[in-house]
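For reference, the structure discussed in these notes is given below.
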Amino acid sequence: MVFHLDKCIGCHTCSIACKNVWTDRRGAEYMWWNNVETKPGTGYPTKWEDQDKYQGGWKLNGSGGLDIRSTSKTKIVPNIFHNPHMPGMDDYYEPWTYDYQNLFNAPEGSDQPTAEPISMIDGEKIDVQSGPNWDDDLGGSPIYAENDPNLDGLTEQQRLQLSSVERLVFFYLPRICNHCLNPCCVASCPSGALYKRGEDGIVLIDQQKCRAWRSCVAACPYKKTYFNWFTGKSEKCILCFPRLETGQAPACFHSCVGRIRYLGVLLYDAERLEAVAKLPDDELVEGHRSLILDPHDPEVISEALENGVSEAVIESAQNSPVYRFVKEWRIALPPHIEYRTLPMLFYVPPMSPVQASRSEDTITHSSDNLFHDIDESRVPMKFLASLFGAGHEGVVRYALAKQKAVRWHRRAETVGDVDRETADRMLREADCSREEADAIYRLTSLCTFEDRFVIPPMHREQAIEMMKEPHEHREEAGFGFVGGPRRGL
Amino acid sequence: MLLVLVAGTSSVRAQDTPDYYRQNCLNCHTIGGGRLTGPDLKDVTKRRDTEWLINFLQNPKSVVDSGDPYAAKLVEESRGVVMPIAPGMTRYRAEQLIRLIEAESKLEKSQFQGVKISNRPFTDADRKNGEAIFVGIRRLKNGGTACSACHSIYNLPALGGGRLGPDLTRVYERLKGRQALSAWLMAPATETMQPIFRNRPLEAEEIHALAAYFEEAARHSESDASTARITFLLTGLAIATGVIFVFDAVWKERFRGVRRPLVEDSVSRGPDSHREKTS
C-alpha cells in the first residue's frame, strides 16, 4: 500500500467509507479503522506516537533480540487482571450522536429546538470534549498540534515557526492498519487469535479465538487494533478482504477523492525479516526496502513459483504501483519504522511551501522558489524525518528532492517557463532520469483505477492448501451456523 | 482376599454401636461412672421398660412435652437440659444402644465408665499449658484443631479467637464443673466439633490442662467481642490500603491517560501563553 500524502486533501471520505461498511455497529462506535490526522497534531488516539506512554511496538533488548514493549511471558502473569498500558476511552474519544428527535418532538417554546449531543456509550447527554479528528486542520493547536511527538527533535525556533502566522503549515496523514511484516499485535496475543494471512499478508483477528486480553491493543504502536466492548473481542482493519477476494479495492482506497491510495503486491524475503527488524535505527528504512524482491528477477520468479505463489500473483507484483513507489523510485517511506514492526503501508512525503516572514504589510519568502525549496519548506525536514525516516533525514530528503525534480521537469516540458537545463540538473541531483520522472508523473497525476489498484486473483481455493488438505477441508466447510462474535468462550 | 474383606466389614459393624455411644452419648452419660450432665445409664433398663427408652431416645423432647412424670424428673435432675436427638437416631439404632447398655451394665467395669479424670489439683503449669493448647502454640497430640480457631476467650490478643463457636471464658461454669467439662472434651458432640475430633480425640493430659485453663478463665468476664471486631476491621483496612500503595508503586509506569493532561496543562498555562510565545 502507498499513500501519496502530497495529494491528500484531508476530506475524510476514506474514514466515512470505512465507518459505513465496517464499524457502524454497537461496540464499534469509537473505532476508526481508517482515520485522517492533521500533522502537526496528536492524532487518534491522542499522542499515539508517544510510546513512552503507550508502550507499543518492539524494542531492542540488551542481548540483541527484539522485545515487545508492553508485554512478555513474565509480564502477562502479574498483569493478568489489568493491562497497564491500555488507552482509555478519553484518549480515543467518547462517541456521540445527536438527539434529533428533539427537533420534532420538542414542546412549543420561544426558542428553536436543538439536537443536543448524546453519548453512544451510556445514552446520556454529554459535553463533547474530543473527537477522532478533534485537532483537524490545526483545531485546538495550542493543546494538540504543539504536543505532536514528532516535534520533539525540533529546536524551539522551528517549533515556533510552525504555529506563527505566514509560516503556519499542516498536512494530512490518513492511517489504516499497516498490515506489518513483523506485527507486534500478532506476537503479543496470548490466545493466538491474530494471524497474518499467508496468501496476501492481511493481519486478522480470529473472532472465535479472541479472549479479550487486549494485548494487541496495547502492543500495536499505531493503535490500530480496537476493543469492541459489546462483543468482548478485539477488532481491526481487515483491508476489506471480502472486497479484495472479489477483485475490488478496499472501501477506503476505492472512495479516495484525491486518488492518493495505491495497492499492489510486493514479494518479500521472509527469511531476512528478523535480521532486518533488529537493524540499527538509521539502517531500518533501507533494510526494510531490501526485503522487497524484484518481481522481474528470474531467480525471484522461480523461487516464488516453487513456494506456491501463483503466476497471476507474480504478474500483478510486476505491475504493482507500490513496488515502483517504494523500490524503484524510492520515494515512498514507511511510517515510524523505529517501532520495528516493518509496516507495509508506505507514504510519499508531502511537499510544502517555503517559509515566509511578515514585516509591516509585506510578506517576504525565505526563498524565491515558493514551492520547491525543500530545505526552506515550512514543514521542517526533521519533522518529516521523525515520521518517515526513524529520525534520519536522508531518505526523506531523497524522496522530496525527486518529487521536486519531477515537478520542474514536467514544468519545463508542458509550460516551458523554466529552464530545461535547470530541470535536468535537478533530475540529476535527485538521481532521476527523464523517463523515470515521466513515469512518476503519470502514476501520480494521471493514474487510472487500474493503475492504482493491481489486485491479483486471491485464489482462496488454493490458499486453503497452505493449512489443510483440500479434501479434508471440503468435509468440514460449509455454510454452517453463521453467527456474530459473542462474549465468552 | 474376599474373606478378609468380609471379616473386615463385619468387625467394623460389631464396633459400630460402641463407637456411636462413644461419640454421641458418652459426653453426658457414663455407664457406672456416675452422673455427668445426664444420669448414669448403668441398669437403666431395669429402671424403665425398653419401649419407653426407645421412645425417649428417638425424641426426648416430645416425651418431656407429653408430661411424662419420669421425663420431667430427669430434666429437673439435669438442671433443665433436655437431651438432644443424637444424629442418625433410628428405632433400630435405639434398640442396639439399649442392648449395648444392658450388656455393659452387667460388666464389672464398663468401657463407658467414663474417663479417668484425674483429680490432681490444677497447677499454674497446667493453666499455662492449657492456654498454649487453646491458642495453638502447643499442638494437639492427635492433630485436632486448636480451640482458638473457632472460639474466643477472655485473654486472647487484639484480634480475638474465632467466632464460629461460643466464647469459652465461662464454659467451666456453664458445664457445671470439671467432670462434665472433661467428659465433653473427650468426645465433643456438637455437629461442628464432632467431625473434627471424632478421629483426633484429645488426650487425657490435654483435657486436664484445658480444664485448668477454663477453670481459671471462669473467674474472668468474657472478652469484649465488639472491640475485637473493630480491631479486626481496622487491621484489615490498614492492610488493604498498604496493598493498594504497593500496587501503585509496582505499576507506577501504567498508562494514566494522555489527552486530559494535555488539555489541563494548556488550560493551566492560560489562554494568552500561546500568543505570547508566538508573537
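Descriptive notes on the structure:
- Residue, surrounded by the fewest Cβ atoms within 10 Å (Cβ to Cβ), within the stretch B:164-191, restricted to residues that are assigned to a loop (DSSP other than H, G, I, E, B) and modelled with pLDDT of 85 or more: B:L164
- Filtered residues of the stretch A:142-159 (kept if within 14 Å of chain B (Cβ to nearest Cβ), among the polar types (S, T, N, Q) and within 29 Å of A:V2 (Cβ to Cβ)): A:N147, A:Q158
- Elements of type helices (runs of 4 or more DSSP H) in the stretch A:40-152, at least 3 residues being surrounded by fewer than 19 Cβ atoms within 10 Å (Cβ to Cβ), polar (S, T, N, Q) and modelled with pLDDT of 90 or more: A:101-105
- The set of residues from the stretch A:315-332 being β-branched (V, I, T), touching a helix residue (DSSP H, G or I) at 6+ places or on another chain (Cβ under 8 Å) and part of a helix (DSSP H, G or I) comprises just one member, A:V326.
- Scanning the stretch A:403-448 for residues that are within 22 Å of the chain's Cα centre (by Cα) and within 15 Å of A:R330 (Cα to Cα) gives A:Q403, A:I440, A:L443, A:T444.
- The stretch B:257-277 residues that are at the interface with chain A (Cβ under 7 Å from one of its Cβ atoms), paired with ones that are outside any helix (DSSP H, G or I) and modelled with pLDDT under 85 (beta carbon under 6 Å, 6 or more apart): B:L262/A:I143; B:V263/A:I143; B:S266/A:P142; B:S266/A:I143; B:H274/A:P142
- Selection count, the stretch A:160-207, where residues are within 14 Å of chain B (Cβ to nearest Cβ) and within 18 Å of the chain's Cα centre (by Cα): 0
- Taken as a whole, the condition of being more than 14 Å from chain A (Cβ to nearest Cβ) and in contact (Cβ under 8 Å) with a residue 12 or more places away in the chain applies to B:A187.
- Qualifying residue in the stretch B:205-218 (condition: assigned to a loop (DSSP other than H, G, I, E, B) and out of contact with any His (no Cβ under 8 Å at 6 or more places or on another chain)): yes
The values are calculated or read from the model by the stated rules, or taken from the named source; none is laboratory data. As the structure is a prediction and not an experimental result, all values here were calculated from the model. FYI the Cβ positions are ideal-geometry reconstructions off the backbone, even for glycines, and counts take in every protein chain you see.
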